[in-house]
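The values are calculated or read from the model by the stated rules, or taken from the named source; none is laboratory data. Bear in mind the structure is a predicted one, so any value in this text is a computation, not a measurement. Every residue, glycine as well, gets a Cβ built from its backbone with ideal geometry; the counts of neighbours run over all protein chains shown.
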Amino acid sequence: MQNEAINTNTDRNMPKNKKVHDYQPLVTSPESWRQQDLNEPSLFINRELSQIAFNRRVLELALDPSVPLLERVKFLCISCTNLDEFFEVRVAGVRQRIKLDVPLVSADGLTPQATLHHIRLEAVQLVNDQYQVFNDVLLDELAREDICILRRKDWSKKQRTWLHKHFERELMPVLSPLGLDPVHPFPRILNKSLNFAVELEGRDAFGRDTDMALVRAPRSLPRIIRIPPSYAKAQYEFVFLSAILHDFMDELFPGMRVDGCYQFRVTRNSELFVDEEEIEDLARALQGELQERAYAEAVRLEIINDCPDNVEKFLVRKFDLDPTEVYHCDGPVNLNRLSEIFTLVDRPDLKYRQFSAHIPLAMREEASIFEAIRRRDYVLHHPYDSFRPVVEMLHQASVDPDVLAIKQTLYRTGVDSVMVNSLIEAARNGKDVTVVVELRARFDEQANITLANRLQEAGVQVVYGIVGHKTHAKMLLIVRRERGRLHRYVHLGTGNYHQGTARAYTDWCLLTNHRGIAEDVHLIFQQLSGLGKVQKLSHILQSPFTLHKSLLAKIQREAEHAKAGKAALIQAKMNALTEPRIIRALYRASRAGVKIQLIIRGPCCLRPGIKGLSENIEVRSILGRFLEHSRLFYFLNDGDSELYGSSADWMERNLFHRVEASFPILRSADAQRIREDSLELPFHEDIQAWELHRDGSYAKRGDCDSHSDDDDAKIGLLHAQEQLLRRHHGH
């Protein structure tokens with residue numbers, strides 16, 4: 001998508017005397033970079049602004065003509081939900097530092113106050129662009145495919161009659177309008193819920209003058225309603241719930257006149273604050289925090305564009321916000337509700353084509369997965385390779401009389417997980433089962449508490465992990481007796497034990513019975529479930545103990561090879577790169593002559609392409625049908641190369657405040673496959689990717705020729721994920 005494809009007109013989101021698109025990141029000229037001072041703030045991109053840039057790349061997929069239309073609608077919605085979480089977590093954190101007067105300056109030199117200011121400028125532009133994509137692009141393209149989202153002015157008399165009956169029958173009985181007066185104070189508004197501020201004129205049944213009321217739309221109500229085909233002109237016609245409530249709002253206030261009705265939504269701080277060292281029961285403490293999170297401190301107010309100043313000021317005051325924390329919406333508040341159309345519309349031609357995930361032939365031929373793994377290691381690339389072998393491994397272990405013990409970490413698993421059922425079955429079959437459940441997995445806390453209780457009721461030993469450190473490592477260890485001796489089988493992955501995300505995220509995993517790796521996994525589980533000093537691991541690099549310093553050492557080793565005139569190469573793929581010491585080490589390696597290729601899906605604080613410093617570093621971002629989620633680290637090491645899969649990004653939280661596992665890929669054939677699929681393909685000249693420039697901006701490479709007649713071939717040539725689908729499945 002070209003920059004001019006999204007061009008926002010002036011609106012109420014724009015700061016006075018400031019055009020958002022005039023904003024440039026704080027970057028000094030290349031000549032002013034001091035090569036010897038790697039603490040120079042201008043060498044670092046602000047993490048929060050880089051996160052917004054990632055959301056912009058997601059939004060650009062909503063304009064990509066090579067992406068099926070309903071998938072483009074999903075990408076618009078994803079950009080909206082991502083922005084919600086950004087405000088709930090990242091913006092909330094910046095506001096909290098300001099509130100507590102924490103004088104923390106990030107590596108890029110921005111204070112929390114300055115960071116919040118620049119977030120506002122970038123977020124305003126992004127919100128405006130989201131609504132322009134919705135109003136000026138997707139609505140028309142959907143209509144051309146006989147999928148219409150009707151505004152109130154477009155309703156026919158017949159449709160309005162049906163909608164009115166639907167309002168009376170399905171909506172009005174569950175609505176509870178609230179007039180605001182001294183007896184009815186401003187209520188607690190649920191995080192991200194749809195609400196209406198209603199201006200009234202007249203007296204109510206008790207003779208009271210009431211000029212303002214609130215109407216909350218319960219979450220039990222669908223946000224999009226399909227008009228029955230017998231009332232529709234197009235094959236699919238939809239109306240937003242907000243439009244129906246707006247049109248018939250006066251029926252909630254009989255005898256009074258509705259002078260105005262304005263949608264709004266408040267976003268709240270969703271971080272949980274639990275002092276783990278001062279509590280006796282983490283699960284119980286989290287339960288209490290979860291109940292309050294829905295009504296925590298407000299961080300953003302979204303409101304419909306035509307809301308008058310007096311109503312806006314009233315809401316700003318009630319939520320204790322600054323006027324700069326208000327975002328005006330040129331359409332329905334919360335565009336994410338549009339995602340329901342994807343399910344409601346049965347048009348396979350407007351969605352990505354389905355494919356069958358691959359299972360290695362040798363694994364299919366063996367009745368026992370343990371027999372297959374005993375013969376050789378396997379690496380699986382999800383979702384191109386099926387997650388089924390991992391599920392089957394645990395299922396076979398749960399019923400195998402030779403299996404004595406199972407140990408597993410669970411971070412996110414999903415509802416009604418088959419793997420959880422296998423763990424429960426294993427415990428009921430008398431096996432020793434230990435599960436490390438991370439209760440603090442953000443937005444999955446309640447699900448994990450429920451999961452932990454369910455496992456405990458079945459006799460599973462449940463461990464919550466380590467105080468102050470989230471357990472983020474993805475590990476499964478199975479102990480099996482074979483011919484009178486104990487053998488260990490291990491699964492290590494870059495993603496979660498979640499069957500849904502295994503179909504939607506790209507991740508790598510290793511299945512092995514390698515004695516050294518299995519012993520390392522055993523020692524990590526001992527750390528998590530018991531007490532004791534740090535154990536020395538032979539193969540696995542572990543956060544918070546060895547991973548960070550090992551990465552620094554390996555980066556420095558490549559630099560020494562380059563200085564000695566040897567070939568030197570670092571390739572890494574991850575979700576985010578923000579840790580300053582790692583970035584400085586990469587700068588030094590680049591300056592020494594190391595070729596560095598980075599595939600960073602989301603935030604990246606490193607500036608590539610700086611002459612004399614980072615000109616040997618390339619950074620690319622891949623976005624598409626699947627969420628790029630794998631973490632891989634490759635070091636050439638003068639021909640004695642090393643490749644690691646990992647659960648950890650190169651971020652402060654992963655390297656210092658989480659339990660992470662980074663595992664080696666020892667079979668050369670497996671390492672070659674991983675490099676070809678994930679580390680080299682994104683740098684092919686014919687592959688579509690976003691390239692990071694030194695000023696923090698991204699430029700899309702490999703844009704499709706919109707005049708080509710062969711869209712399928714064009715996608716296959718230019719998108720890495722489609723290329724892999726064709727390579728592995730002939731799709």
_Only listed residue being touching a helix residue (DSSP H, G or I) at 6+ places or on another chain (Cβ under 7 Å) and farther than 30 Å from L63 by Cα, chosen from L655, L623_ = L655
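Take segment 210-230 and flag every residue that is of a type in the set (D, E, K, R) and outside any loop (DSSP other than H, G, I, E, B).
R216, R226
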*Any chance segment 94-113 includes a residue that's of a type outside the set (K, R) and at pLDDT 95 or above?*
no
_Those residues of segment 650-689 which are in contact with a Ser or Thr (Cβ under 7 Å, 6 or more places away or on another chain) and within 27 Å of D64 (Cβ to Cβ), in sequence order_ = S678, A689
*Please tell me if S662 is in a strand (DSSP E or B), modelled with pLDDT of 95 or more and polar (S, T, N, Q).*
yes
*When you scan segment 622-643, how many residues do you find that are crowded, with 22+ Cβ neighbours inside 10 Å, under 23 Å from the mean Cα position of the chain (by Cα) and either among the β-branched types (V, I, T) or outside any loop (DSSP other than H, G, I, E, B) (or both)?*
5
*Consider L338 carefully, then state whether it is aliphatic (A, V, I, L, M), over 24 Å from the mean Cα position of the chain (by Cα) and either surrounded by 20 or more Cβ atoms within 10 Å (Cβ to Cβ) or not assigned by TED's automatic domain parsing to the domain that holds R481 (or both).*
no
_Suppose we filter segment 247-258 for residues that are outside any loop (DSSP other than H, G, I, E, B), touching a residue at least 12 places away in the same chain (Cβ under 8 Å) and either hydroxyl-bearing (S, T, Y) or surrounded by 13 or more Cβ atoms within 10 Å (Cβ to Cβ) (or both); how many remain?_
5
*Give me the pairs: first residue in segment 329-351 and under 14 Å from D84 (Cβ atoms), second residue part of a loop (DSSP other than H, G, I, E, B), beta-carbon distance under 6 Å, and six or more apart or on different chains, which are they?*
R337/R223
*With the checklist (1) under 26 Å from the mean Cα position of the chain (by Cα); (2) under 30 Å from N429 (Cβ atoms) in hand, flag the one item D520 doesn't pass.*
(1)
*asked:* Among the numbered criteria (1) modelled with pLDDT of 95 or more; (2) closer than 30 Å to D146 by Cβ; (3) buried (at least 18 other Cβ atoms within 10 Å of the Cβ), which one does R347 miss?
replied: (3)
*Could you grab the pairs with beta carbons closer than 6 Å, sequence gap of 6+ or different chains, first residue in segment 393-414 and of a type in the set (A, V, I, L, M), second one in a helix (DSSP H, G or I)?*
M393/I369; L394/M419; L394/S422; V403/A397; I406/A397; I406/A426
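One line per residue, one yes/no per condition, for (1) at pLDDT below 95; (2) in a loop (DSSP other than H, G, I, E, B):
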| position | (1), (2) |
| --- | --- |
| C509 | no, no |
| G516 | no, no |
| V521 | no, no |
| G532 | yes, yes |
| L537 | no, yes |
| F545 | no, yes |
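Can you list the helices (runs of 4 or more DSSP H) lying wholly within segment 41-118 that have 3 or more residues being within 21 Å of P580 (Cα to Cα)?
Result: 47-61, 92-99.
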*Under the condition of being exposed (fewer than 13 other Cβ atoms within 10 Å of the Cβ) and at pLDDT 85 or above, which residue from segment 354-363 is farthest from the chain's Cα centre (by Cα)?*
S356
*Filter segment 406-434 down to residues that are surrounded by 22 or more Cβ atoms within 10 Å (Cβ to Cβ), farther than 15 Å from H395 by Cα and modelled with pLDDT of 95 or more, then give me how many there are.*
1
